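Data block below; observations after.
Readers should treat all values here as calculations from the given coordinates under stated rules, not as data from a laboratory. Just so we're clear, the structure is a prediction, and the values are computed from it rather than from any experiment. Cβ atoms come from the backbone with ideal geometry, glycine included; neighbour counts cover every protein chain shown.
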Amino acid sequence: MKDKGPRAQWEEKSAKGEQGRKEKTKSKEDARSIAAPDEIHTARMLLRKPRATDAQLMFTAYAQDPAVTRYLMWRPHANIAQTRTVIDRFLIEWEKQEGFCWFLFTNDTGKMIGSIAVRPENNGFNLGFLLARAYWGNGYMPEAIAAVVAWAFTGSWVSSVSATCDMKNHASARALEKAAFVRERILQQFLIHPNISPALRDCFEYAITRSL
Ligand SMILES: CC(C)(COP(=O)(O)OP(=O)(O)OC[C@H]1O[C@@H](n2cnc3c(N)ncnc32)[C@H](O)[C@@H]1OP(=O)(O)O)[C@@H](O)C(=O)NCCC(=O)NCCS
C-alpha cells in the first residue's frame, strides 16, 4: 500500500475529530522565533489575530457553512462550543509558534469575512485560507494571500510559501494563481476532505519561492 504523506495523516486525525494537529519533532526550526504581527492591513481588509470573543462571529460568518468547508479538512461546526475550541487552539498555536491564523475583516463594514493561516515548515510556511460565501468572487483572498506572503518573506529564512488544494477546488487554485503562486506538482491521493468522502484525494501543490 502506498505511504501516506504527512498531510494525509494529519487529515485522517482531523476526520477522526483529533483536530488534525501536525505531529512535530524537535528540530532547528523549533528554536526559530517568528515575529508574526497581530494585524496586517491591506487595501480593503484588516487581518487580525483571533480573540477568544470571536467565536460567535466565526461561527456565523463561515464555520457552520457546508459550502465553505466542502474542500477543507474539517466538518462544519454544529455549535458555537466547537468554534470556541478551535479559537482556543489558534491561540495556543500562536503562543507555541506552530501556526498563525488571522481573521479577515472588511475595512468598509468591519464584518468578519474569513480567515487565513500559515504554519511554519522547512524553509517557509504552508498556507490555508477561506472566505465566507457571500464574499466569494471579489478578489479578497488573492489580496489577503499577497499580504501574508509579503510578510512571510520579511523572514530572512523564508524561501517559499506553499499551499495545497483539492484538484477540484478551482476557486482555490485560481486565488493562488492570482496571488502569483505557481502550480508545482500533483500530489496523488494526498488528502482526505471528509465533507466529500473518506478517501484520499489528489491535490495540487502550489508555491511561491525566492532564492535566499
Ligand atoms: C477559495 C476562495 C478563498 C477564493 O477566494 P475569492 O476571494 O473568492 O477568490 P477570487 O475572487 O479571486 O475568485 C477565485 C475564483 O473563484 C471562483 N468564483 C468566483 N466567484 C464565485 C462564486 N460566487 N462562487 C463560487 N466560485 C466563485 C472563480 O473561479 C474565480 O476565478 P476567476 O476570477 O478566474 O473566475 C473561496 O472560494 C473560498 O473561501 N472557498 C471555500 C474555502 C476553500 O475552499 N478554501 C481553500 C482551501 S485550499
| request: Would you calculate the separation in nanometres between label points at residue 34 and residue 79, each defined as 7 Å from the Cα along the Cα-to-beta-carbon direction? | output: 3.3
| request: May I ask for log10 I(q)/I(0) of segment 134-181 at q = 0.21, 0.23 Å⁻¹, from a Debye sum over the Cα atoms as equal point scatterers with solvent left out? | output: -0.75, -0.86
| request: Please state, rounded to one decimal and in Å, the Kirkwood hydrodynamic radius that segment 167-212 gives when every pair of distinct Cα atoms enters the mean of 1/r. | output: 11.6
| remark: Over all viewing directions the Cα convex hull of the chain casts an average projected area in nm² of 11.5
| query | What does the convex hull of the alpha-carbon atoms of segment 27-106 project to on average, in nm²? | reply | 6.4
| Of the residues 37, 194, 50, which exhibits the maximal mean-square fluctuation in a Gaussian network model of the chain defined by a 10 Å Cα contact cut-off? | 37
| note | So residue 146 and residue 88, fully extended at 0.36 nm per residue minus their Cα-Cα distance, gain in nm 18.2 nm
| field | Per-residue [θ]222 nm for the chain (sum of -39500 (n - 2.57) over DSSP H runs n ≥ 4, rounded to 500) | value | -7500 deg cm²/dmol
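In Å, what Kirkwood hydrodynamic radius results for segment 103-212 from the alpha-carbon pair distances?
With all distinct Cα pairs of segment 103-212 included, I get 14.7 Å.
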| With springs only between Cα atoms under 10 Å, which of 134, 52, 117 fluctuates most in a Gaussian network model of the chain? | 134
| remark: Of 173, 63, 35, the most mobile residue in a GNM of the chain (C-alpha springs, cutoff 10 Å) is 35
